[in-house]
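See below for the structure under consideration.
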Amino acid sequence: MKSEIQMALDAREERWNQKQALIGKHRMPVISVTLRMPRSVRMTEEACAFFESIQADFISHMNANRCFPLRVLSGKNADGPYCMYICDDASKAKRLSIAFEDTRFGSLIDADVTDAAFYELSRTDFGKESRTCIVCGKEDARVCIRLQSHLAEDTNSACLELIHQYIKGRK
Ligand SMILES: [Zn+2]
């Protein structure tokens, strides 16, 4: 039997293939949105409800800045929920996605943009720092992950706390 981790890795690979297929089919940039939190949290019902709800916020933010992504795929697999959009301007979409990721609740999602030539744009392409850590707020989350600065339960509760604040604000 496959381990949960292996199933999540397979799911991630499948999602990557789906994205490549969408770019090939539409010949347009694709924005791939996923949850940015530990997998155990990503799979919870609360996180999935949050994910669906924040898509609307993401799209409002894009539309307000004259970018109009079209949702072409969404679902949930062993790696968590995901949504994919096609759009017409990869640079603009990435710049706006970074701005959204840097908001309080946007910190809980990853919005990756791959252009029509299959190049995945990065924050550094736009002179942006890497993302801050959800737990301690320090500058580079990757450092915390590499150094294992936080206990899994602290990371989980920091993410869940943000989700709860989001849900509270919506009511
Ligand atoms: Zn940290």
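Just need a number here: residues in segment 68-80 that are surrounded by fewer than 19 Cβ atoms within 10 Å (Cβ to Cβ) and free of Cβ contacts under 8 Å to residues at least 40 places away in the same chain. Please lay out each step first, then the result.
Just the residues of segment 68-80 that are surrounded by fewer than 19 Cβ atoms within 10 Å (Cβ to Cβ), to begin with: 68, 70-78.
Restricting the remaining residues to those that are free of Cβ contacts under 8 Å to residues at least 40 places away in the same chain gives 68, 70-71, 74-76.
Summing the residues that are surrounded by fewer than 19 Cβ atoms within 10 Å (Cβ to Cβ) and free of Cβ contacts under 8 Å to residues at least 40 places away in the same chain in segment 68-80 gives 6.
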field: Output for segment 114-124, where each listed residue is under 18 Å from Asp88 (Cβ atoms) and surrounded by 14 or more Cβ atoms within 10 Å (Cβ to Cβ)
entry: Thr114, Asp115, Ala116, Glu120, Leu121
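With the requirement that a residue be in a helix (DSSP H, G or I) and in contact (Cβ under 8 Å) with a residue 60 or more places away in the chain, what does segment 102-134 give you? Spell out the reasoning first.
First pass over segment 102-134, keeping only residues in a helix (DSSP H, G or I): 106-108, 123-126.
The answer is Ser107, Leu108.
For segment 1-57, how many residues are of a type in the set (Ser, Thr, Tyr) and buried (at least 18 other Cβ atoms within 10 Å of the Cβ)? Reasoning before the result, please.
Within segment 1-57, the first condition is being of a type in the set (Ser, Thr, Tyr), and the residues that meet it are 3, 32, 34, 40, 44, 53.
Next cut, buried (at least 18 other Cβ atoms within 10 Å of the Cβ) only: 32, 34.
Count: 2.
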field: Among residues of segment 93-113, those that are loosely packed, with under 15 Cβ neighbours inside 10 Å and in contact with a Lys or Arg (Cβ under 9 Å, 6 or more places away or on another chain), counted
entry: 1
query: Among Cys87, Cys83, which is the only one that is buried (at least 19 other Cβ atoms within 10 Å of the Cβ), within 29 Å of Ile5 (Cβ to Cβ) and modelled with pLDDT of 95 or more?
result: Cys83
- prompt: What tally of residues in segment 84-117 results from selecting those that are under 17 Å from Asp57 (Cα atoms) and of a type in the set (S, T, N, Q)?
  reply: 3
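To keep it simple, each residue is scored yes or no on (1) aliphatic (A, V, I, L, M); (2) within 24 Å of Glu129 (Cα to Cα); (3) out of contact with any Gly (no Cβ under 9 Å at 6 or more places or on another chain); (4) assigned to a helix (DSSP H, G or I).
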| site | (1), (2), (3), (4) |
| --- | --- |
| Ile23 | yes, no, yes, yes |
| Ile31 | yes, yes, yes, no |
| Ser40 | no, no, yes, yes |
| Ile54 | yes, yes, no, yes |
| Phe58 | no, yes, no, yes |
| Phe68 | no, no, yes, no |
| Val72 | yes, no, yes, no |
| Lys94 | no, yes, yes, yes |
| Ala99 | yes, yes, no, yes |
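When you scan segment 90-99, do you find a residue that is without any contact (Cβ under 8 Å) to a residue 24 or more places away in the chain and in contact with a strand residue (DSSP E or B) (Cβ under 6 Å, 6 or more places away or on another chain), even just one? I'd like the intermediate steps shown before the answer.
Taking segment 90-99 as the starting set, the residues that turn out to be without any contact (Cβ under 8 Å) to a residue 24 or more places away in the chain are none.
No; the residues of segment 90-99 include none that is without any contact (Cβ under 8 Å) to a residue 24 or more places away in the chain and in contact with a strand residue (DSSP E or B) (Cβ under 6 Å, 6 or more places away or on another chain).
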- line: Flagged in segment 136-171 as of a type in the set (Val, Ile, Thr) and more than 9 Å from the ligand (Cβ to nearest atom), in numbering order, are Ile163, Ile167
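The values are calculated or read from the model by the stated rules, or taken from the named source; none is laboratory data. Being a predicted model, the structure only gives us computed values, none of them experimental. In this analysis, Cβ positions are derived from the backbone assuming ideal geometry, glycine residues included, and neighbour counts consider all displayed protein chains.
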